[in-house]
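Notes to accompany the following structure.
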Amino acid sequence: MGKALDGVRILDFTHVQSGPTCTQLLAWFGADVIKVERAGAGDITREQLRDVPDADSLYFTMLNHNKRSVTIDTKNPEGKLVLEALIQKCDVMVENFAPGALDRMGFTWERIQELNPKMIVASVKGFGPGPYEDCKVYENVAQCVGGAASTTGFDDGPPVVTGAQIGDSGTGLHLALGIVTALYQRTMTGRGQKVLAAMQDGVLNLCRVKLRDQQRLERTGVMKEYPQYPNGTFGEAVPRAGNASGGGQPGWILKCKGWEHDPNAYIYFITQAPVWAKICNVIGKEEWATDPEYATPNARLPRLKEIFAEVERWTMTKTKFEAMEILNEHDIPCGPILSMKEIADDESLRKTGTIVEVDHPVRGKYLTVGNPIKLSDSPTEVIRSPLLGEHTEEVMAELGYSPEQIEALRTAGAI
Ligand code: CAO
């Protein structure tokens, strides 16, 4: 069966996490992704957080599946010529170097356009144009400047970053959408274009509901679904909401049986309005279904702490999985707090290809997250990440270089 992006060739000039997540997705959709790495060293993540001596780290292997690796010294004059040949053969260049690095290398937008006017040049940067455009940025910096950290955590504690890599992987995802959109537009215009996904913008896009709340706060001075209501105080900016739900259906994380010794024996519980009567029945507070103090969503807002405490008295008598089963019978939305160990062992995630076991010639078998986006006509097969420079000769031959030329470039240190 063919793949959605069959025939699309990507010059993958990315490193670390944000860019590689983007190109990995494109590779899973069938693009030929040629990862250009620094000769001799490669993507810095190959050696970061290593768990097996001399094997590419999981950090690298889990972000670079289905790609080919070529090593080129793009600061060497002959290496530059090889990169030029690649630019002429590819549809998209994806890069996430520090601001200005590509220009310093001699590959400005104008130069790339000269070489290939159809080329789409897609970049991740920390910030968009403005006062911080020259700054280098990593994941947690993006979470802080994109509004996630100031709105995450508890009111009486400091700002908190989330484990979800919304700055890196989130921006890679945004960039991938920009790239396929530009590819689609190119089918009509015949032209390439620049695609920019700034990490601050990507995080802010994911924090959209918090900018919503900022404006609600300014208008009304209070947000009734926040834990600060009714007894706490609201300041000028959106406060940290603890585990409150970001939508109109109040929720909280509640203890389950075993919480004393298991840090993940908790469940997320949502007091969804349409099933309020069922919630009352399940927790044994039938009278709340008709009591005007509890029967409507508005009446409940000032009493959420008391209500969740009562629900928790019930959840503490069940394991998180027992609670999930009972609540689901009644269509009450909830979710157990799953540990990474539980997720890794989850059979259903393996069946769908969301968790995949991959074999690697140096490190052996390891688990990875497969393609989370399933296309019925373009199935994903997860192929192990390439060794450093594994495909240099193969790609050079495809570019028309003879074995002698390849050898000479190798001797010159260009590849
Ligand atoms: N051959 C020769 N030189 C190469 C090369 C190659 N194949 N590939 C890269 N280089 C060079 C670059 O040209 C650059 O050289 P100059 O500094 O002389 O211009 C140099 O390697 C280092 O690139 P860098 O500045 O991007 O790398 P860094 O480790 O200093 O910074 C990072 C890393 C991530 C902070 C920075 O790249 C960045 O801000 N990127 C944009 C935002 C981003 O993607 N952040 C998320 C990273 S994922 O957590």
Fill in the blank from the handout: On the formula 1/(1 + (r/R0)^6), with r taken between the Cβ atoms of Thr296 and Thr319 and R0 of 25 Å, the FRET efficiency rounded to 0.05 is 0.20
Problem - Efficiency of FRET between Leu338 and Glu407 - r from beta-carbon atoms, R0 56 angstrom, step 0.05 - result: 0.60
Fill in the blank from the handout: Mean-square fluctuation maximum in Gaussian network of the chain, Cα pairs under 10 Å, restricted to Gln143, Gln48, Gln200, hits Gln48
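One-quarter of the Cα convex hull surface for the stretch 340-393, in nm²?
Answer in nm², one decimal: 5.2.
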Practice task
Would you calculate, for the chain, the mean residue ellipticity at 222 nm contributed by helices, counting each DSSP H stretch of 4 or more residues as -39,500 (n - 2.57) and dividing by all residues, to the nearest 500?
Solution key: -10000 deg cm²/dmol
Handout entry: Scattering curve values for the chain, log₁₀ I(q)/I(0), Debye with Cα scatterers, q = 0.07, 0.09, 0.12, 0.14 Å⁻¹
Key = -0.44, -0.69, -1.05, -1.26
Completion exercise
Taking Rh as the Kirkwood radius computed over alpha-carbon pairs of the stretch 215-359 and applying Stokes-Einstein at 10 °C with viscosity 1.306 mPa s, one gets a diffusion coefficient in µm² s⁻¹ of 94 µm²/s
Problem - Relative compactness, the stretch 4-69, computed as alpha-carbon Rg over 2.2 N^0.38 Å - result: 1.10
Problem - P(r) weight above 26 Å for the stretch 147-279, C-alpha pairs, percent - result: 43 percent
Exercise for the section: Report the Stokes-Einstein translational diffusion coefficient (µm² s⁻¹, integer) for the stretch 295-415, Rh taken as the Kirkwood radius over Cα pairs, at 20 °C with viscosity 1.002 mPa s. Expected result: 105 µm²/s
Exercise for the section: Order the peptides 24-36, 149-161 from the highest to the lowest mean number of other Cβ atoms within 10 Å of their residues. Expected result: 24-36, 149-161
Problem - the stretch 251-305 - Debye-derived log10 I(q)/I(0), Cα point model, q = 0.13, 0.23 Å⁻¹ - result: -0.38, -0.90
Exercise for the section: Check the straight Cα-Cα distances from Lys365 and name the lysines below 25 Å, setting aside those fewer than 8 residues away within the same chain. Expected result: Lys35, Lys67, Lys341, Lys351, Lys374
Exercise for the section: Report the normalised scattering of the stretch 226-274 as log10 I(q)/I(0) at q = 0.16, 0.29, 0.30, 0.32 Å⁻¹, calculated by the Debye formula with identical scatterers on the alpha carbons. Expected result: -0.59, -1.05, -1.08, -1.14
Exercise for the section: Using Cα positions and a limit of under 15 Å, work out the aspartates and glutamates in reach of Lys278, with same-chain residues fewer than 8 apart set aside. Expected result: Glu286, Glu287, Asp291, Glu310, Glu325, Glu329, Asp331
Completion exercise
DSSP beta bridges in the chain: the antiparallel percent, rounded to 5, is 40 percent
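Read-outs: derived from the displayed coordinates by stated rules, not from any lab. Given the structure is predicted, the values throughout are model-derived calculations rather than measurements. Positions of Cβ are backbone-derived with ideal geometry, glycine not excepted, and every protein chain shown enters the neighbour counts.
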